[in-house]
Amino acid sequence: MKYEVLVQLKEEVLDPEGRAIEHNLQSLGFKEIKAIKVSKRYIIEVNDSKEESEQLLEKISKKFLSNPTSQTYTLNRLN
Amino acid sequence: MIRSQKDPIALMNFPGSNCSYDCHFAFKNLWNIKLQDVFSCDRVLAGDIRGLIIPGGFSYGDYLRGGALASWAPIINELQGFIKKGGKVLGICNGFQILLEGKFLPGALLKNTSNRFICEDSFLEVSTGPSLYQRLLETKISLPIAHGEGRFFIDKDGLKNLEDNNQIVFRYQEEKNPNGSISNIAGICSKDGHILGMMPHPERAISPFSGGSGTAGKQVLETFLSMCL
């Protein structure tokens with residue numbers, strides 16, 4: 001089974017990388033761009049049943065892939 | 001490896017640590033102390049060690065987040081027991097990131113606001129508080145920084161706790177905050193003052209020959225050393 005984990009900075013935390021891309025696109029004339037936040041995507045394959053995989057990945061995402069002080073994560077099943 | 005019995009400070013090395021030599025050089029030249037090298041895969045911290053330095057660098061390539069992978073290394077399991085027994089810890093730059101990722105200190109270090117790696121002298125204020133660092137260091141010092149991810153972040157409640165417990169040891173001087181750290185924070189300590197994490201590099205400011213920052217770094221290391229003897 002395949003999953004993706006998206007890790008991003010919390011809404012209130014400044015993302016300078018996203019802001020730099022946002023400013024540069026705006027300066028190229030893409031005035032519709034309002035805001036950009038960068039996130040990291042992990043694609044993980046697991047050999048377990050759905051329920052067990054999701055429990056495991058929730059744990060890994062919370063404890064290792066994200067830092068709860070500054071980041072949030074979302075876990076999605078891919079197939 | 002030959003380990004001296006009398007020298008009480010260890011240096012924790014990870015793949016990618018690149019300030020180990022500078023730390024060895026500082027302690028050897030200033031006080032003729034040989035730091036005892038320990039490595040990420042070690043599972044024992046020698047019993048005679050009373051202080052531990054986690055040096056700067058890019059442990060495990062800073063993959064995932066700066067200091068994250070290092071904070072899972074086997075040697076880190078020994079750190080909790082070492083601290084419980086009263087061991088003193090100094091985490092510098094990437095060492096500070098490792099201490100935060102390992103939850104030995106609160107907060108996180110994020111990409112600098114400028115998106116740039118900053119390598120320059122920083123101008124610091126030492127806050128008042130009960131730790132030996134806060135009591136012994138001069139109130140205004142200068143130390144070099146060299147980091148891309150040094151923006152200290154903590155939520156409002158966490159910041160209030162740090163302030164209430166006098167755990168903020170170093171702040172960048174107002175108007176001279178190089179990386180966007182919240183409340184200008186450059187270094188914090190544990191409540192008992194035994195663990196210090198800091199972004200500036202004291203080991204790079206130990207003599208007039210080691211750069212423009214002078215010798216404030218010597219005072220920081222000397223204070224750490226005095227706690228370990």
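The values are calculated or read from the model by the stated rules, or taken from the named source; none is laboratory data. Note that the structure is a prediction, hence the values are computed from the model and not measured. All Cβ positions, even for glycine, are placed from backbone atoms using ideal geometry, and neighbour counts span all protein chains on display.
Within the range B:89-100, the presence of a residue that is surrounded by fewer than 19 Cβ atoms within 10 Å (Cβ to Cβ), touching a helix residue (DSSP H, G or I) at 6+ places or on another chain (Cβ under 9 Å), within 14 Å of another protein chain (Cβ to nearest Cβ) and closer than 21 Å to B:Phe153 by Cβ is excluded.
Say whether the condition of being among the small types (Gly, Ala, Ser) and surrounded by 22 or more Cβ atoms within 10 Å (Cβ to Cβ) is met by at least one residue in the range B:19-41. Looking through the range B:19-41, at least one residue is among the small types (Gly, Ala, Ser) and surrounded by 22 or more Cβ atoms within 10 Å (Cβ to Cβ).
Looking across the range B:105-122 at every residue that is touching a Leu at 6+ places or on another chain (Cβ under 9 Å) and surrounded by fewer than 20 Cβ atoms within 10 Å (Cβ to Cβ), the one that is farthest from the other protein chains (Cβ to nearest Cβ) is identified as B:Asp121.
Matching residues to (1) away from chain A (no Cβ under 14 Å); (2) touching a strand residue (DSSP E or B) at 6+ places or on another chain (Cβ under 7 Å); (3) free of Cβ contacts under 8 Å to residues at least 60 places away in the same chain:
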site	(1), (2), (3)
B:Asn13	yes, yes, yes
B:Cys19	yes, yes, no
B:Asp22	yes, no, no
B:Asn32	yes, no, yes
B:Val38	yes, yes, yes
B:Asp42	yes, no, yes
B:Gly57	yes, yes, yes
B:Gly66	no, yes, no
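State whether the residues of the range B:34-44 include one that is more than 30 Å from A:Ile60 (Cβ to Cβ), part of a loop (DSSP other than H, G, I, E, B) and either modelled with pLDDT of 95 or more or in contact with a helix residue (DSSP H, G or I) (Cβ under 7 Å, 6 or more places away or on another chain) (or both). Yes; the residues of the range B:34-44 include at least one that is more than 30 Å from A:Ile60 (Cβ to Cβ), part of a loop (DSSP other than H, G, I, E, B) and either modelled with pLDDT of 95 or more or in contact with a helix residue (DSSP H, G or I) (Cβ under 7 Å, 6 or more places away or on another chain) (or both).
When you look at B:Gly187, is it crowded, with 21+ Cβ neighbours inside 10 Å, closer than 23 Å to B:Arg65 by Cα, of a type in the set (Gly, Ala, Ser) and within 14 Å of chain A (Cβ to nearest Cβ), yes or no?
Working: crowded, with 21+ Cβ neighbours inside 10 Å: yes; closer than 23 Å to B:Arg65 by Cα: yes; of a type in the set (Gly, Ala, Ser): yes; within 14 Å of chain A (Cβ to nearest Cβ): no.
Against the criterion (crowded, with 21+ Cβ neighbours inside 10 Å, closer than 23 Å to B:Arg65 by Cα, of a type in the set (Gly, Ala, Ser) and within 14 Å of chain A (Cβ to nearest Cβ)), B:Gly187 does not qualify.
State which residue is farthest from the other protein chains (Cβ to nearest Cβ) when the search covers only the range A:27-67 and only residues that are among the basic types (Lys, Arg) and either closer than 16 Å to B:Tyr63 by Cα or in a loop (DSSP other than H, G, I, E, B) (or both).
Taking the range A:27-67 and keeping what is among the basic types (Lys, Arg), we get A:31, A:34, A:37, A:40-41, A:50, A:59, A:62-63.
When the remaining residues are screened for being either closer than 16 Å to B:Tyr63 by Cα or in a loop (DSSP other than H, G, I, E, B) (or both), the result is A:31, A:34, A:37, A:40-41, A:63.
Working: A:Lys31: 22, A:Lys34: 20, A:Lys37: 13, A:Lys40: 9, A:Arg41: 13, A:Lys63: 10 Å.
Filtering first and then ranking leaves A:Lys31.
If only residues of the range B:79-88 that are touching a Phe, Trp or Tyr at 6+ places or on another chain (Cβ under 9 Å) and either modelled with pLDDT of 95 or more or surrounded by fewer than 20 Cβ atoms within 10 Å (Cβ to Cβ) (or both) are counted, the one that is farthest from the other protein chains (Cβ to nearest Cβ) is B:Lys88.
Please work out if B:Lys160 is away from every other protein chain (no Cβ under 14 Å), without any contact (Cβ under 8 Å) to a residue 40 or more places away in the chain and within 23 Å of A:Thr69 (Cβ to Cβ). Yes: the conditions hold for B:Lys160.
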